[in-house]
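Accompanying notes for the structure given below.
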Amino acid sequence: MRTLVLLIINLIIVANVVEASLYGPKSKVIQLDKGNFAEKVYGTEHVWVVEFFAPWCGHCKALTPEYEKAANNLEGIIRVGAVNCDDSKNKELCGSFGIQGFPTIKIFPSKVTKVQKKKDAYHKVPEDYNGARSASSIASYALSKMTTTYVVPVSEESYDSFVSQEMPKAILFTNKPKTSDLFKALSIDFRNRIVLGEVKHTSSSLAEKYKVTKYPTLIIINKDGTSTPYPSDDKISHQLLTTFLDQFALPPPPPPSSSSSSSGTSSKKTQESTTTTPPLATGE
């Protein structure tokens with residue numbers, strides 16, 4: 001009997017913890033708070049979608065399944081996070097963004113800008129998301145804000161210049177008119193580690209050079225002039241492509257060491273992956 005009572009108590013505790021955060025430990029929605037907000041959101045050139053919520057809010061609970069779905073659909077491309085404004089440690093953070101109702105969704109762009117009247121402090125200027133509260137609408141709007149890319153267009157004319165670079169190189173052969181959001185995201189992830197080039201299907205001589213017969217085809221350009229193709233049997237996903245590119249890219253930089261003041265302002269450079277950013281400041 002005692003074992004049963006303890007089990008019930010544990011289940012109640014777990015249920016309360018999940019409700020308090022709305023998003024469980026296995027969720028693709030990243031838990032943000034005053035302690036990690038600046039480093040994660042401002043310390044990358046990735047676009048962030050951030051929900052400011054209160055766990056008791058009915059509209060927040062109704063949004064949760066759609067927001068979870070949006071996070072799953074955008075995994076590896078757009079960062080999706082959430083801040084519990086009912087948590088006392090996040091009151092100052094939520095207040096700095098003028099949060100007055102729940103849920104409030106803000107889009108934080110790629111661009112990092114200097115904070116006015118604060119020395120060596122940088123942030124991102126967010127915009128309110130006022131669209132439909134559906135996974136497809138949230139995802140579509142976030143993707144429209146994805147303007148930063150380090151993908152290099154490669155043609156017959158620019159090929160020699162591209163392959164002469166010292167940094168490791170990869171080329172995607174594609175028949176799509178625009179660069180995919182996934183490849184844009186990978187170019188941010190691997191910035192300063194491997195150069196990602198893109199060849200359109202109209203560059204037939206380059207396709208012939210590397211014996212490309214189908215699209216898309218991703219290859220690594222080796223130092224000896226040979227190439228290593230991405231396994232054709234593998235699915236195309238952010239995780240699998242990251243694993244493949246990691247084998248050929250330069251090592252990632254060591255984790256940054258940063259010190260934060262009570263206001264959350266960092267006095268050292270922070271980076272999430274390989275993107276170098278200036279010192280950061282929470283809030284606006």
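The values are calculated or read from the model by the stated rules, or taken from the named source; none is laboratory data. The shown structure was predicted, so the numbers you read here are calculated from the model rather than taken from an experiment. As a convention, Cβ positions derive from the backbone with ideal geometry for all residues, glycine included, and neighbour counts pool all protein chains shown. When the accessible area is computed, the model is the full protein with side chains, heavy atoms only, and any ligands, DNA or RNA have been set aside. Shrake-Rupley method; radii C 1.70, N 1.55, O 1.52, S 1.80 Å.
Considering the conditions (1) over 24 Å from the mean Cα position of the chain (by Cα); (2) modelled with pLDDT under 95, Trp56 is excluded by exactly one of them, (2). Residues in region 91-139 that are open to solvent by 60 Å² or more (accessible area, probe 1.4 Å) and under 19 Å from the mean Cα position of the chain (by Cα): Lys111, Val125, Glu127, Asp128, Ser136. Only one entry in Ser237, Ser144 is in contact with a Gly (Cβ under 8 Å, 6 or more places away or on another chain), closer than 30 Å to Ala132 by Cα and of a type in the set (Gly, Ala, Ser), namely Ser237.
Within region 120-144, the residues that satisfy the criterion of being of a type outside the set (Ser, Thr, Tyr), assigned to a loop (DSSP other than H, G, I, E, B) and in contact (Cβ under 8 Å) with a residue 24 or more places away in the chain are Asp120, Ala121, Lys124, Val125, Pro126, Arg133. The criterion of at least 2 residues that are within 25 Å of the chain's Cα centre (by Cα) and surrounded by 11 or more Cβ atoms within 10 Å (Cβ to Cβ) is met, among helices (runs of 4 or more DSSP H) falling completely within region 161-259, by 181-189, 238-246. Any residue at all in region 43-52 that's small (Gly, Ala, Ser), open to solvent by less than 70 Å² (accessible area, probe 1.4 Å), part of a loop (DSSP other than H, G, I, E, B) and farther than 20 Å from Glu127 by Cα? There is no residue in region 43-52 that is small (Gly, Ala, Ser), open to solvent by less than 70 Å² (accessible area, probe 1.4 Å), part of a loop (DSSP other than H, G, I, E, B) and farther than 20 Å from Glu127 by Cα.
Got a number for residues in region 72-85 being in contact (Cβ under 8 Å) with a residue 40 or more places away in the chain and farther than 24 Å from Thr242 by Cβ? Residues in region 72-85 being in contact (Cβ under 8 Å) with a residue 40 or more places away in the chain and farther than 24 Å from Thr242 by Cβ: 2 in total. Residues that are in a helix (DSSP H, G or I) and either open to solvent by less than 70 Å² (accessible area, probe 1.4 Å) or touching a residue at least 12 places away in the same chain (Cβ under 8 Å) (or both) occur at least once in region 148-159.
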